[in-house]
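Engineer: Structure below; questions to follow.
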Amino acid sequence: EPEVTQTPSHQVTQMGQEVILRCVPISNHLYFYWYRQILGQKVEFLVSFYNNEISEKSEIFDDQFSVERPDGSNFTLKIRSTKLEDSAMYFCASIWDIRNEKLFFGSGTQLSVL
Amino acid sequence: DAKTTQPNSMESNEEEPVHLPCNHSTISGTDYIHWYRQLPSQGPEYVIHGLTSNVNNRMASLAIAEDRKSSTLILHRATLRDAAVYYCIPLSNAGNMLTFGGGTRLMVKP
């Protein structure tokens, strides 16, 4: 089965630094998502992206966050100035059509902000 | 969003059937009931979804109550690999944002 690929699997950064989390969605998919999960807590929606623009975002997705699809294959999440509370597992997901039945998730990037 | 209620945890023996319940009494008429699961250290994974009729696929079966206020995910023969957190999520459209609750942590004993 096709997979969503995320790199790196683990990222360690200092507070205040910028990080970019990378995702390669499934190749013919058109809709892209970022979710995050703080240790021991629920999976939370961050943002959805379609046709090169954000379609929906949560309250968590403030001005420190941005997403980009720089080329035909990558989808990135940038955090401009990381805070301790940004430490979490970040999951990328994609879907071909929103009427399809399932979202495909990657295995995640564990971000640790020190 | 429809509110869901699931048991925090359940236990099963390997190779026995498991019935995971979910209450979603405020579900709207157009919401599908999606189930995802999250294996340890993995991203969520789609399991099954349905609207009104019971559904089967290679992973599981979904039994939906006639009034749609509850549903049950059925794993016919639990394996150790099925140990995961199972989430029931009402959703009008697969592309909408998924709202994950606490889910049910399924433990499978050998």
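The values are calculated or read from the model by the stated rules, or taken from the named source; none is laboratory data. Here the structure is a predicted model, which is why all the values come from computation and not from measurement. Counting neighbours? That spans all protein chains shown, and the Cβs are built from the backbone with ideal geometry, glycine included.
Engineer: In the list A:Gln110, A:Gln11, which residue meets the criterion of being outside any loop (DSSP other than H, G, I, E, B), at pLDDT 95 or above and away from chain B (no Cβ under 11 Å)?
Structural biologist: Answer to the selection: A:Gln11.
Engineer: Suppose we keep only residues that are crowded, with 17+ Cβ neighbours inside 10 Å and touching a residue at least 60 places away in the same chain (Cβ under 8 Å) within the range A:64-85. Which one would you say is farthest from the other protein chains (Cβ to nearest Cβ)?
Structural biologist: Among them, the one singled out is A:Thr82.
Engineer: Looking at the range A:93-107, I want the residues that are within 7 Å of chain B (Cβ to nearest Cβ) and free of Cβ contacts under 8 Å to residues at least 40 places away in the same chain and have a partner that is buried (at least 16 other Cβ atoms within 10 Å of the Cβ) and in a strand (DSSP E or B) with Cβ atoms under 6 Å, at least 6 apart or on another chain. Which pairs are those?
Structural biologist: A:Glu101/B:His49; A:Lys102/B:Tyr46
Engineer: Restricting to the range B:45-80, give me the number of residues that are without any contact (Cβ under 8 Å) to a residue 24 or more places away in the chain and in contact with a Pro (Cβ under 6 Å, 6 or more places away or on another chain).
Structural biologist: 0
Engineer: Residues that are closer than 20 Å to A:Tyr35 by Cβ: which strands (runs of 3 or more DSSP E) entirely in the range B:22-71 hold 1 or more of them?
Structural biologist: B:32-38, B:44-50
Engineer: If B:Gly29 meets every condition in (1) surrounded by 13 or more Cβ atoms within 10 Å (Cβ to Cβ); (2) free of Cβ contacts under 8 Å to residues at least 60 places away in the same chain apart from one, which number is that one?
Structural biologist: Unmet for B:Gly29, out of (1) surrounded by 13 or more Cβ atoms within 10 Å (Cβ to Cβ); (2) free of Cβ contacts under 8 Å to residues at least 60 places away in the same chain: (1).
Engineer: Against the conditions (1) free of Cβ contacts under 8 Å to residues at least 60 places away in the same chain; (2) in contact with a helix residue (DSSP H, G or I) (Cβ under 7 Å, 6 or more places away or on another chain); (3) not aromatic (Phe, Trp, Tyr), where does A:Met15 fall short? Just the number, please.
Structural biologist: (1)
Engineer: While we're here: So if I check each of A:Ile20, A:Ile54, which one is surrounded by fewer than 21 Cβ atoms within 10 Å (Cβ to Cβ), β-branched (Val, Ile, Thr) and under 23 Å from B:Phe100 (Cβ atoms)?
Structural biologist: A:Ile54
Engineer: Here's something else I'd like to know. Given the conditions (1) closer than 16 Å to B:Ser41 by Cβ; (2) crowded, with 18+ Cβ neighbours inside 10 Å, and given that A:Ser9 satisfies all but one, which numbered condition is not satisfied?
Structural biologist: (2)
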